[in-house]
Amino acid sequence: MRLLLVQKEGTDLYSTLRDSETSRGILRFYHPTKTPWGVCIDIATLGSALSLVSELKWYLQRYVAVPLLILSNHVICTTGYAQIIYGREESVHQDWDHEIIFGISNGTLVQRLAISPDSAVNIIEEFSEGKDTTFRARCSEEEW
């Protein structure tokens, strides 16, 4: 499992986390890696990932555009969807009706697009054009 932290515009998230004594303490058991769009952190369990998100809340509010998780089944999701899974509030199936595509250019989040199973493929392809990276993530209904 991985925690993906997409940095806000004008932020070098990796350096910010490395330079802060508090965040270094929080991340002391993890090995964050710098990416062109922010930071990636390998984590063992979903509970640990949600706990880390909670501990890093101050940094997330100030320096992170969106935190995402890559689950063990390679599904990318938002923290809201991860909380649904963790709390077993609903049955989670292979298909999910609420997804967001996040588009990243020049190391920052530039656009997001809410999609559903009925969304046309060409809309998704057009959205992805001109972006360095895109993440298609399952989300909670509230985040959608």
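Laboratory data are not the source of any read-out in this text; all were calculated from the coordinates shown. Note that the structure is predicted; figures quoted are calculated from it, not measured. Methodologically, a virtual Cβ is constructed for each residue, glycine included, from the backbone with ideal geometry; neighbour enumeration extends over all protein chains shown.
Assorted remarks:
- Backbone amide hydrogens, once placed in the peptide plane, bring Ser105 within less than 5 Å of Val110, Asp132, excluding anything fewer than 5 places away on its chain.
- Taking 0.36 nm per residue of separation and subtracting the Cα-Cα distance, full extension of the segment from Ile123 to Ile26 would add 30.9 nm.
- Within straight-line reach of Lys57, meaning a Cα separation under 25 Å, sit the following lysines at least 8 residues removed in sequence or on another chain: Lys8, Lys34.
- Exposed-site-free run, longest, the chain (rule: GluC sites (Glu not before Pro); DSSP loop; at most 15 other C-beta within 10 Å): 10-88
- Each residue of the stretch 134-139 is assigned a 3J(HN,Hα), and the resulting list reads 10, 10, 9, 10, 6, 9 Hz, derived from the Karplus form 6.51 cos²θ - 1.76 cosθ + 1.60 (θ = phi - 60°), x at Gly and Pro.
- Taken one residue at a time, the phi angles of the stretch 71-81 give Karplus couplings (6.51, -1.76, 1.60, θ = phi - 60°) of 6, 4, 8, 6, 7, 8, 8, 7, 5, x, 5 Hz. Gly and Pro are set to x.
- Farthest positive-ward along the chain dipole, Cα basis, beta-carbon charges - from Ile100, Ile43, Ile124: Ile43
- Long-range HN-HN contacts of Val66 with modeled amide H, under 5 Å: Val6
- Taking amide H positions as modeled 1.01 Å from N, with prolines and chain starts lacking one, the residues under 5 Å from Ile115 and 5 or more places away or on another chain are Glu99, Ile100, Ile101.
- Cleavage-rule hits (chymotrypsin sites (Phe, Trp or Tyr not before Pro)) in the stretch 29-121: DSSP loop, at most 11 neighbouring Cβ within 10 angstrom: Phe29
- Between helix 46-55 and the chain: long-axis angle, C-alpha atoms, 0 to 90°, nearest 10: 60 degrees
- Looking at the stretch 42-144, the trypsin sites (Lys or Arg not before Pro) that sit in a DSSP loop and have at most 12 other Cβ atoms within 10 Å of their own Cβ are Arg88.
- Spatially, the stretch 114-135 and the stretch 1-58 are offset by 27 Å when compared through their Cα centroids.
- Pairs of Cα atoms in the stretch 2-138 fall into 5 Å distance bins, from 0 up to the last occupied one, in shares of 2, 9, 20, 22, 20, 14, 9, 3, 1, 0 percent.
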